[in-house]
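Take a look at the structure set out below.
Read-outs throughout are calculated quantities, based only on the coordinates presented, and are distinct from any laboratory measurement. The structure presented is a predicted model; accordingly, all values stated were derived computationally and were not measured. Counting neighbours? That spans all protein chains shown, and the Cβs are built from the backbone with ideal geometry, glycine included.
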Amino acid sequence: MALHFVAGRASIAAARDWIDAEALLGGLVAIDAPLLQLLSSELITNAVQHGPASGDVTIRVRDVDGQVRVEVDDESSSPPRLRAVDPAAVGGHGMRLVDTYATRWGCDLRGADGKTVWFDLPRDDTLRLLSGQA
């Protein structure tokens, strides 16, 4: 499951909605769906803001070790940084949120092809158990 789009602010909400839909269709429901949306938005927004203007962005959602994993590829080779940010500041908190609330996260550099930033969240298997798919 992957979605490719050209980086642009107008793409952020649509990409986040795609993650929600793909996670649900794939049976990858996160225990905390609003948190899945928030952290996905942070990675997508970073790819749009810090990657090349009009660069390609690819997002994926999949199961990794029983966790819901969201991956965001962009064409920038600069890894995300955890920054010290004034708590009252409007922006700059994204990776701190990911670091605080994700089960784990990371960045895989792909040389001249950019990077993949990802995070994992616990999976809610309640729906699979109720439907007998577990």
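Across region 70-84, coupling constants 3J(HN,Hα) worked out from phi with the 6.51/-1.76/1.60 Karplus curve, θ = phi - 60°, read 10, 10, 10, 9, 9, 8, 8, 9, 7, x, x, 10, 7, 9, 7 Hz, and Gly and Pro carry x. Cα-based values for region 1-48, radius of gyration first and Dmax second, are 10.6, 30 Å. May I ask for the angle, rounded to the nearest 10°, between helix 33-50 and the longest principal axis of the chain, with both axes built from Cα atoms and the value confined to 0 to 90°? It is inclined by approximately 20 degrees. Near Val117: Cβ cut-off under 10 Å, other residues only, Lys/Arg at +1 and Asp/Glu at -1. The net charge is -4. The base-10 log of I(q)/I(0) for region 2-131, evaluated at q = 0.09, 0.10, 0.15, 0.17 Å⁻¹, reads -0.24, -0.30, -0.67, -0.85 [Debye formula, identical scatterers on Cα atoms, solvent excluded].
Using a cutoff of 8 angstrom between alpha carbon atoms and counting only pairs six or more residues apart, the relative contact order for region 2-131 works out to 28 percent.
Just how large is the dipole of the chain about the Cα centre, in debye to the nearest 20, putting +1 at every Lys and Arg Cβ and -1 at every Asp and Glu Cβ?
So the dipole magnitude of the chain works out to roughly 180 debye.
Mean-square fluctuations from a GNM of the chain, with a 10 angstrom spring cutoff on Cα atoms, peak among Asp65, Asp120, Asp74 at Asp65.
For the chain, adding -39500 (n - 2.57) for each run of n ≥ 4 DSSP H residues and dividing by the number of residues yields -11000 deg cm²/dmol at 222 nm. Taking amide H as placed 1.01 Å from N in the peptide plane, Asp124 has its amide H under 5 Å from the amide H of Val29, Ala30, Ile31, each at least 5 places away in sequence or on another chain. In the chain, the longest principal axis of the Cα atoms and the axis of helix 11-25 are about 20 degrees apart. Rounded to whole Å, give me the distance from the Cα center of region 11-79 to that of region 102-123. First find each Cα centre; the distance between them is then 10 Å. Cut-off 10 angstrom, C-alpha nodes, Gaussian network model of the chain. Which of Val98, Val64, Val48 fluctuates the most? Of the options given, Val64 has the highest mean-square fluctuation.
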